[in-house]
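Enquirer: Pasting a structure here, questions to come.
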Amino acid sequence: MPRVDADLKLDFKDVLLRPKRSSLKSRAEVDLLRTFTFRNSKQTYTGIPVIVANMDSVGTFEMAQVMTKHAMFTAVHKHYSLEEWKLFASSHPECLEHVAVSSGSGVADFEKLTKVIEAIPLIKYICLDVANGYSEHFVEFVKSVHASFPNHTIMAGNVVTGEMVEELILAGADIIKVGIGPGSVCTTRIKTGVGYPQLSAVIECADSAHGLNGHIISDGGCSCPGDVAKAFGAGADFVMLGGMFAGHDQCAGEVTERNGKKVKLFYGMSSDTAMKKHVGGVAEYRASEGKTVEVPYRGDVEDTIRDILGGLRSTCTYVGAAKLKELSRRTTFIRVTQQHSEVFS
Amino acid sequence: MPHIDTDIKLDFKDVLLRPKRSTLKSRSEVDLMRSFVFRNSKQTYTGIPIIAANMDTVGTFEMAKMLCKFCLFTAIHKHYSLEEWKEFAAQNPECLQNVAASSGTGPSDFELLEQILEAVPPVRYICLDVANGYSEHFVQFLRDVRKRFPDHTIMAGNVVTGEMVEELILSGADIIKVGIGPGSVCTTRKKTGVGYPQLSAVMECADAAHGLKGHIISDGGCSCPGDVAKAFGAGADFVMLGGMLAGHTESGGELIEKGGKKYKLFYGMSSEMSMKKYAGGVAEYRASEGKVVEVPFKGDVEHTLRDILGGIRSTCTYVGAAKLKELSRRTTFIRVTQQANPIFDQGDQP
């Protein structure tokens, strides 16, 4: 008979952080910068470990320019040409230490990745992103990329369980992307029934990764700054955001009007929209696994960044963490049935 | 004192499938075809084991024509006349191995069933469907049908517990329909308080059936391709769909236009609508146990079928099952508090 794991797995919405005694006087004292040395590449990272997702609407060069100013990171989407990369690299060299170049496991993707990295040696991060990080084929691909680029830091995913985090780290990845189906424009759980509640996935995967001196990214499921804080509290080294960065000036696509309100298009990378744009449509044997939505236009991303970082600093003062690094050690989650008062929502 | 089972029974919404290591490279490698040999009829089945429900809005001849192209199955509703059956059989002989003729326990139902099976011998499946498969009367009826048609494969239900699955199999049924009250237009749980969460029902009934070399259908409660995958993962040999196949060109009933949008009617077979149509109304001693809803018109069912089959293929690659047959063996369910991220659930679709 199929097995049912008896213990309930948790999402961000199922918990809150318990406040703890704190000697901090002001949010301004909180240090959000982190420094990591990666297990396989031996490279060092310093920055605020929030990453813009490698989706073609948010992981743009325009976004990277703003993120760099805040020491935040951008996983640039894989659909830029070599020429566009060269142009960006020459006009914004300061951004290159804060971006990753992305690739799927296809041959054409890998060829372009190789050309971009050879043309722009200052890029030190590679983001290898497939829908299902559990395939042997992907493990082999990670091994071959690590063999080709032994000194580049490799992000790889997505997975949601400890044993696969370990496997990918041992195959040569430095930072494992954790999350299957939590995203706001992802329909994998609806279409396949497969997935894992994000908070539990992060707690379990962080534990596995840290045991091997590896790192993880919590990828997807954050809908507010509090969720970002919970992801860090759960043990994520990095937090990747898509929907929270959608709808800004720095995102791809036009601002349009609908019913007198300004909106921008945002969609999953396996949605009909994305597949039509990049591969000419959804193949016959596949179902689309993403949504297309219009999000309200939100102006410059600077304001959103301040809101997220301000929220994180406040979390740290509530639990008595002077540094982001201390947040997960100071974290006690309590289980709840609602997040906030619904009276005026 | 009444007895309370303390372990919580689970619905599809309470679980997700845990991904597992996989050697598959692409969804296109997944084989969804299954072959079964049935315990009592000794007949063999080969196909993708998804069944259109024997509801008059879904289990239509038009649906059967399209589903048989995809190797799917249709339980034809019991309200077609003998003449309509003959005409369908003459025009679509290739579909007959993928359809069942349905019947309740009433004498007129049974008479029509006999006439259809005599007139159209290539129909090899009988679907005996009653609201309450627990009645002795139904068991006796099943025995009579088995005696009369020893070589036909009999689907019978509905039940939700192992002991009754065993009883029906031992009384001559090959495939047991599992599900009381999970359907989208079923109000049995509201009207009676009786029911059983579908995922647990499927797991328990599959276990009981497979022990006797019988088979089961998970009937009702699937609202998306992921639920279909979960039903197979839980051990269902077949999955029956009503609401997910409603509202298409091939579905029964007229197209309705309202406020510039197109709809089709969909209703439970114990709803007032259905009982008025076929039995002249709801009898005085009964409550209606079904809803009537207008579902948005979804076009040709072909697109929905591709969506469902593509979803299940993706599930299989996530858990490392090269064949649908391996899915339940590769299944570990985890308990969850929500399914998908609800942020864009309303009103944001362009």
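Enquirer: Amide H of A:Gln250 versus every other amide H placed in the peptide plane: which residues, excluding those fewer than 5 positions away on the same chain, fall under 5 Å?
Expert: A:Val301
Enquirer: Solvent-accessible area of A:Val4, probe 1.4 Å, all protein chains present, reported in Å² to the nearest ten, please.
Expert: Counting only protein heavy atoms, A:Val4 exposes about 50 Å² to solvent.
Enquirer: So if we plug the beta-carbon distance of A:Asn151 and B:His303 into 1/(1 + (r/R0)^6) with R0 = 51 Å, what FRET efficiency do we get, rounded to 0.05? Let's see the in-between values first.
Expert: Details: r = 48 Å, r/R0 = 0.94.
Once the sixth-power term is evaluated, E becomes 0.60.
Enquirer: Given 0.36 nm per residue, what is the gain on full extension from B:Arg143 to B:Asp5 after removing their alpha carbon distance, in nm? List each step's numbers first, then the result.
Expert: Values: separation 138, 0.36 × 138 = 49.68 nm, distance 3.19 nm.
Between B:Arg143 and B:Asp5, full extension yields 46.5 nm more.
Enquirer: Label points 7 Å out from Cα along the Cβ direction at B:Glu83 and B:Val292: separation in nm?
Expert: About 2.7 nm separates the two model spin labels.
Enquirer: What is the antiparallel percent of DSSP beta bridges lying wholly in the stretch B:250-300, to the nearest 5?
Expert: On the way: 9 of 10 bridges.
The answer is about 90 percent antiparallel.
Enquirer: For the stretch A:68-124, give the percent of accessible area contributed by carbon and sulfur heavy atoms, probe 1.4 Å, rounded to a whole number.
Expert: Working: 1560 of 2610 Å².
Within the stretch A:68-124, the accessible surface is 60 percent carbon and sulfur.
Enquirer: Between the stretch B:296-350 and the stretch A:235-276, what is the separation of their alpha carbon centroids in Å?
Expert: 23 Å
Enquirer: Tell me the label-point distance for the pair A:Glu94, B:Met33, using the 7 Å Cα-to-Cβ offset, in nm and rounded to one decimal.
Expert: About 6.3 nm, to one decimal.
Enquirer: Tell me, what is the percent relative contact order of chain A, built from C-alpha pairs under 8 Å that lie six or more residues apart? Write down the numbers at each step before the final one.
Expert: Numbers: 706 pairs, mean separation 78.4, N = 345.
In percent, rounded to a whole number, it is 23.
Enquirer: Taking θ = phi - 60°, what integer Hz values does the Karplus form 6.51 cos²θ - 1.76 cosθ + 1.60 yield along the stretch A:141-146, in sequence order, with x for Gly and Pro?
Expert: 5, 4, 4, 6, 5, 5
Enquirer: Report, in listed order, any pair from A:Lys78/A:Lys115; A:Lys86/A:Lys276; B:Lys13/B:Lys69 with a Cα-Cα distance greater than 22 Å.
Expert: On the way: A:Lys78/A:Lys115 13 Å; A:Lys86/A:Lys276 26 Å; B:Lys13/B:Lys69 31 Å.
Checking Cα-Cα distances, A:Lys86/A:Lys276; B:Lys13/B:Lys69 exceed 22 Å.
Enquirer: Okay, moving on. Report, in whole Å, the centroid distance computed from the Cα atoms of the stretch B:43-71 and the stretch A:42-117.
Expert: 49 Å
Enquirer: Work out the FRET efficiency for B:Arg329 and A:Val279 from their Cβ-Cβ distance, taking R0 = 30 Å, and round it to the nearest 0.05. Could you put the intermediate results ahead of the total?
Expert: Values: r = 33 Å, r/R0 = 1.09.
FRET efficiency, B:Arg329 to A:Val279: 0.35.
Enquirer: Related question: What is the calculated FRET efficiency for B:Gln43 to A:Ala108, with r their C-beta to C-beta distance and R₀ = 35 Å, to the nearest 0.05? Please list the in-between numbers first.
Expert: Values: r = 49 Å, r/R0 = 1.39.
Taking R0 as 35 Å, the efficiency between B:Gln43 and A:Ala108 is 0.10.
Enquirer: Just to confirm, what accessible area per residue do you get for the stretch A:76-151 at 1.4 Å probe, in whole Å²? Don't skip to the answer; put the middle values down first.
Expert: Values: 3290 Å² over 76 residues.
It amounts to 43 Å² per residue over the stretch A:76-151.
Enquirer: Still on this model: Once amide H atoms are built 1.01 Å from N in the peptide plane, which residues 5 or more positions from B:Lys323, or in another chain, come under 5 Å H to H?
Expert: B:Asp31
Enquirer: What list of ³J(HN,Hα) couplings, whole Hz, do you get for the stretch B:297-304 from phi and the Karplus terms 6.51, -1.76, 1.60, once you set θ to phi - 60° and write x for glycine and proline?
Expert: 5, 10, x, 6, 5, 3, 5, 5
Enquirer: With θ taken as phi - 60° and the coefficients 6.51, -1.76 and 1.60, list the Karplus ³J(HN,Hα) couplings across the stretch B:265-274 in order, rounded to whole Hz; mark glycine and proline as x.
Expert: 7, 9, 8, x, 7, 10, 6, 4, 3, 5
Enquirer: Hey, another quick one. How would B:Arg143, B:Arg34 line up by accessible area, probe 1.4 Å, largest first? Intermediate results must be reported in sequence, preceding the final value.
Expert: Details: B:Arg143 100, B:Arg34 40 Å².
Accessible-area ranking of B:Arg143, B:Arg34, largest first: B:Arg143, B:Arg34.
Enquirer: Could I ask something else about it? Students often get this wrong, so check it: of B:Lys213/B:Lys323; A:Lys191/B:Lys325; A:Lys262/B:Lys258; A:Lys112/A:Lys264; A:Lys20/A:Lys323; A:Lys143/B:Lys20, which have C-alpha atoms separated by over 22 Å? All intermediate terms of the calculation are to be shown ahead of the outcome.
Expert: Values: B:Lys213/B:Lys323 20 Å; A:Lys191/B:Lys325 19 Å; A:Lys262/B:Lys258 29 Å; A:Lys112/A:Lys264 29 Å; A:Lys20/A:Lys323 15 Å; A:Lys143/B:Lys20 19 Å.
Too far apart for the 22 Å limit: A:Lys262/B:Lys258; A:Lys112/A:Lys264.
Enquirer: Let me ask something else about it. So for the stretch B:194-330: antiparallel DSSP bridges make up what percent, rounded to the nearest 5? Before the final figure, lay out each step's value.
Expert: Working: 9 of 14 bridges.
Taking every DSSP beta bridge with both residues in the stretch B:194-330, the antiparallel ones total about 65 percent.
The values are calculated or read from the model by the stated rules, or taken from the named source; none is laboratory data. Every value quoted in this text rests on a predicted model; they were computed, and no experiment measured them. Here the Cβ is made from the backbone with ideal geometry for all residues, glycine too, and neighbour counts use every protein chain on show. When the accessible area is computed, the model is the full protein with side chains, heavy atoms only, and any ligands, DNA or RNA have been set aside. Shrake-Rupley method; radii C 1.70, N 1.55, O 1.52, S 1.80 Å.
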